[in-house]
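In what follows, a structure is listed as structure tokens, so that the remarks can point back to it.
FYI, it's all coordinate maths here, none of it is from the lab. For clarity, every value in this text was computed on a predicted model and none was experimentally measured. Here the Cβ positions follow ideal geometry from the backbone for every residue, glycine too, while neighbour counts run over all protein chains shown.
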Amino acid sequence: MQKWSQRISPKNKIKEEFLATKQITVLEHPAYSPDLAPNDFFLFPKIKEILKGRHFDDIDDIRSNTTAALKAIPQNQFQNSFEGWTRRWHRCIASEGEYFEGDHGGIQQ
């Protein structure tokens, strides 16, 4: 199985070469990882938890209820999610970019 860092598309290669000519350092990272996306591991599950089981009449009803759900999330939970995000960075580094699940597990920080 190839790691994400080994799968470079020709388009990305051109971008990398251009940036190198401008002496811009490119940091390797996965294009997308739900383990590292705060919306995926914190925000969307939190909104789903608040809205679970409700039915909505129209888009405006969805919009207003979603806005209310966002406002109902205490500010300290947002701060905690960013602390969790930092832990996830460390886990991603320790796992050398391989898949891992959640905030818990055997990988040391």
Table column - 3J(HN,Hα) (Hz), segment 58-73, Karplus curve with 6.51, -1.76, 1.60, x for Gly and Pro: 7, 4, 4, 5, 4, 4, 5, 5, 5, 4, 5, 5, 4, 5, 7, 7
log10 I(q)/I(0) for segment 33-94, Debye formula on C-alpha points only (no solvent), q = 0.26 Å⁻¹, two decimals, reads -1.06
List the lysines whose Cα lies under 26 Å from the Cα of LYS11, skipping any in the same chain that are fewer than 8 positions away. LYS3, LYS22
Sort the following peptides by mean Cβ neighbour count (other Cβ atoms within 10 Å, averaged over residues), highest first: 66-74, 42-50. 42-50, 66-74
